[in-house]
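Peer 1: Here you go, one structure.
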Amino acid sequence: MKTFSIKQFILVIGFLFVIGSIHSQEEISTEQWQEDLRFLQKKVHAEYPFLFKKVKKKTWDAEVEKLYADIPNLETHEIKVGLTRMVSMFEYGHTQIPFSTIASDAVLPVNLYHFEDGIFIEGVQKINIEALGAKLIKIGEMPVEEALKAIRPVVPAENDSYFKGYGLGFLTAPSVLHAQGVIPEYSNIITLTLEKNGKLFEHSFTAVPLSDVSKNYGFTIPNEEWVSAREQTETPLYLKHLNEKLYFFEFLEDSKTLYVRQSSVFNDDKESLANFYTRLFAFIDANDIDKLVYDVRLNGGGNNYNNIGFIKGIMARPKVNTRGKFFFIIGRNTFSACQNLTNEIGNYTEAIIVGEPTAENENFYGDARKVNLPNSGMNAYLSFAWWQDKSPWDGKEWTIPHMAKTMTFNDYVTNTDVVLNAAIEYTETGFIMNPMEYLRQLFSEGKMEELKTAGFKIANDPAYKYYNFQEEFGTAGYRLVTDGNPEAGLYILDLVAQFYPESTGALYNLASAQEQVKLYDKAKETYKRLITLDPNSTLGNSAKNKLEYLNKQ
């Protein structure tokens with residue numbers, strides 16, 4: 001008789017528990033699932049047609065019809081994931097079928113976090129401790145980059161930050177992995193390929209109920225069952241009192257910096273936000289403060305009417321509401337009512353914004369209503385309120401920081417807060433807060449050499465990593481060409497191609513503009529450069545066709 005280790009015994013029991021809970025659920029018929037899908041479709045068209053901003057009605061309805069036809073051939077978990085995918089197509093984070101609906105019974109006992117240098121296992125159940133701190137390379141046989149693309153349609157992601165902050169959990173759900181083709185067959189035992197200490201290895205995880213996962217704000221909370229990769233000998237300020245207080249402040253005497261973390265826009269049971277703001281501003285008024293750092297990188301929202309107390313307070317205090325003195329930290333969890341707060345900070349204060357982009361569009365649909373699907377009992381949440389703090393033509397997908405800073409895995413493990421450090425160490429030496437406006441000003445003043453020098457510097461400065469200079473400058477250049485100023489437009493497009501020498505898009509835009517103004521020889525040379533750079537891409541093949549056409553003229 002084969003003997004089992006304690007670890008193997010626990011894995012088997014866990015597997016049987018999860019399988020048993022899945023099969024204990026009441027099954028409904030194919031026709032009933034189809035009825036639920038039709039119910040959802042009619043509800044959206046009748047009461048929420050305004051949600052068709054990022055996806056066209058025709059496109060959405062086509063996907064609904066495809067799912068409707070597929071339902072007879074799908075397993076229950078695949079249908080649930082399919083319904084979730086339909087709602088997520090609207091790409092508003094509040095408009096969703098909750099993750100717990102498709103993952104409550106089975107998730108891998110890992111917590112993944114997307115650091116600057118990759119996706120790492122930030123926390124695990126102790127039974128899998130050998131995988132702690134490893135970098136994720138593959139899920140099953142699929143490279144992690146492809147797996148991320150496969151699951152993305154199931155996540156109600158407004159942008160890449162939302163996907164990083166709220167979407168990685170979907171990568172741990174066997175139901176999603178199977179339904180989206182990451183793994184070929186449904187299984188609660190999934191093998192990951194990992195890298196640790198320079199070595200690749202495989203580790204198999206057995207799924208557990210979602211309720212067993214110990215994490216908050218995206219980070220593992222160590223306990224008897226779970227362990228974190230972060231050194232626990234100290235706690236960085238952004239994680240301090242994380243499960244005790246929704247907001248707190250602490251004065252850092254060495255730098256005369258007042259640090260504030262607000263991780264919710266709801267009132268704490270122990271102290272209302274209004275009282276907190278009163279206490280905060282009383283401290284500011286009574287003390288010699290060089291810098292105020294306000295940290296909302298973990299703030300997922302709440303009641304945005306609570307924001308007014310802080311905005312009024314900070315605007316009344318030029319002592320800290322001054323360039324170089326007030327820093328506002330945002331990140332991948334900054335969402336909902338905290339996006340409203342971030343918008344107001346940008347509109348009304350002198351803050352230098354630091355960190356990662358927010359998880360929310362600047363103008364967005366929120367405040368979702370519950371829609372109960374009659375047969376399955378699944379709940380979809382559909383947004384109805386349009387929040388517009390920015391101009392109506394402002395379609396920005398997120399708020400980007402003036403100064404980009406992101407943790408590496410080692411930063412996290414060693415409790416090094418590079419974001420806070422960037423604020424504390426900042427000295428006022430003419431940092432360009434709005435680089436696109438600055439470059440446009442140089443152009444309008446005819447300062448072309450300064451424009452070229454500044455453009456190269458900005459394009460290669462990691463502090464501006466979230467600015468899409470290539471697209472914005474390329475669009476501006478092409479517009480000049482089509483609006484009757486080809487010389488200026490071609491100059492800009494040529495600069496963009498110099499700033500981004502590996503970009504086939506920049507070269508294609510330049511060549512197209514050169515062709516448009518009948519500079520055929522130059523267009524041919526630019527197309528040739530593109531083909532040399534990437535001959536088999538879509539743009540490479542298009543450049544070949546263009547070149548062939550021009551050579552016949």
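Peer 1: About the Cα centre of the stretch 192-305, what is the dipole size in debye to 20, counting +1 per Lys and Arg Cβ and -1 per Asp and Glu Cβ, all else neutral? Could the numbers behind the result be given before it?
Peer 2: Numbers: 12 positive and 18 negative charges, 57 e Å.
Dipole of the stretch 192-305, to the nearest 20 debye: 280 debye.
Peer 1: Enter the Cα centre distance for the pair the stretch 363-427 and the stretch 225-294, rounded to the nearest angstrom.
Peer 2: Value for the Cα centre distance between the two parts: 20 Å.
Peer 1: Step through the residues of the stretch 156-169 one at a time and calculate ³J(HN,Hα) from phi using the Karplus curve (6.51 cos²θ - 1.76 cosθ + 1.60, θ = phi - 60°), rounding each to whole Hz and writing x for Gly and Pro.
Peer 2: Each residue of the stretch 156-169 in turn: x, 7, 7, 6, 5, 5, 4, 4, 5, x, 10, x, 5, x Hz.
Peer 1: Now for a different question. As a test of the formula, what do you get for the chain when each DSSP H run with n ≥ 4 contributes -39,500 (n - 2.57) and the sum is divided by the residue count, at 222 nm and rounded to the nearest 500 deg cm²/dmol?
Peer 2: Values: 20 runs with 227 residues, N = 553.
Result for the chain: -12500 deg cm²/dmol, rounded to the nearest 500.
Peer 1: Suppose every K and R has +1 on its Cβ and every D and E has -1 on its Cβ; what is the size of the dipole of the chain about the Cα centre, in Debye to the nearest 20? Intermediate values should be presented prior to the final figure.
Peer 2: Numbers: 56 positive and 71 negative charges, 154 e Å.
Magnitude of the dipole: close to 740 debye.
Peer 1: Once Lys and Arg get +1 and Asp and Glu get -1 on their Cβ, which of 473, 535, 501 lies farthest toward the positive end of the dipole of the stretch 468-552?
Peer 2: 535
Peer 1: Then there's this: How much of the DSSP beta bridge set in the chain is antiparallel, as a percent to the nearest 5? Spell out each step's value before the answer.
Peer 2: Details: 43 of 59 bridges.
Counting DSSP beta bridges with both partners in the chain, the antiparallel share is about 75 percent.
Peer 1: With Cβ to Cβ distances under 13 Å as the rule, what net charge do the other residues near residue 281 carry (K, R +1; D, E -1)? Write down the numbers at each step before the final one.
Peer 2: Values: positive: 279, 312, 317, 319; negative: 285.
In short, +3.
Peer 1: Let me ask another. Would you be so kind as to identify which of 44, 484, 246 lies farthest towards the positive end of the dipole of the chain, taking Lys and Arg as +1 and Asp and Glu as -1 on Cβ and the Cα centre as origin?
Peer 2: After comparing all options, I get 484.
Peer 1: Follow-up question, since we're still on this one. Across the stretch 334-343, in residue order, what do the Karplus-derived ³J(HN,Hα) couplings come to in whole Hz, using 6.51 cos²θ - 1.76 cosθ + 1.60 with θ = phi - 60° and x for Gly and Pro?
Peer 2: Along the stretch 334-343, the couplings run 6, 8, 6, 4, 7, 5, 4, 4, 5, 4 Hz.
Peer 1: Continuing with this model, one more query. Which of the peptides 266-277, 131-142 is most tightly packed, and how do the rest follow, going by the mean number of other Cβ atoms within 10 Å of each residue?
Peer 2: Details: 266-277: 15.7, 131-142: 19.2.
Going from most to least packed, we get 131-142, 266-277.
Peer 1: Would you tally the net charge around residue 323, using a Cβ to Cβ cut-off of less than 10 Å, leaving residue 323 out, and scoring K and R as +1, D and E as -1?
Peer 2: -1
Peer 1: Another question, then. Please list the non-local residues whose amide H lies under 5 Å from the amide H of residue 115, H modeled 1.01 Å from N, same-chain partners needing a gap of 5 or more.
Peer 2: Long-range HN contacts for residue 115: 120.
Peer 1: Another question, then. Could you tell me which of the pairs 312/405; 524/552; 465/518; 66/149; 396/546; 396/518 are separated by over 23 angstrom between their Cα atoms in the structure shown? Mind showing how you got there, number by number?
Peer 2: On the way: 312/405 28 Å; 524/552 12 Å; 465/518 35 Å; 66/149 20 Å; 396/546 33 Å; 396/518 35 Å.
Exceeds cut-off: 312/405; 465/518; 396/546; 396/518.
Peer 1: Reachable aspartates and glutamates from residue 240, Cα under 13 Å, same-chain residues fewer than 8 places away excluded?
Peer 2: Residue 240 reaches 250, 295, 417.
Peer 1: Which net charge results when you count Lys and Arg as +1 and Asp and Glu as -1 among the other residues whose beta-carbon is under 14 Å from that of residue 532?
Peer 2: Summing Lys and Arg as +1 and Asp and Glu as -1 gives +1.
Peer 1: Oh, and also: Please name whichever of 108, 432, 351 sits farthest to the positive end of the charge dipole of the chain, dipole taken about the Cα centre and charges placed at Cβ: Lys and Arg +1, Asp and Glu -1.
Peer 2: The listed residue farthest towards the positive side: 432.
Laboratory data are not the source of any read-out in this text; all were calculated from the coordinates shown. All of these numbers come straight from a predicted model, not from anything done at the bench. Note that we place each Cβ from the backbone using ideal geometry, even for glycine, and neighbour counts take in every protein chain shown.
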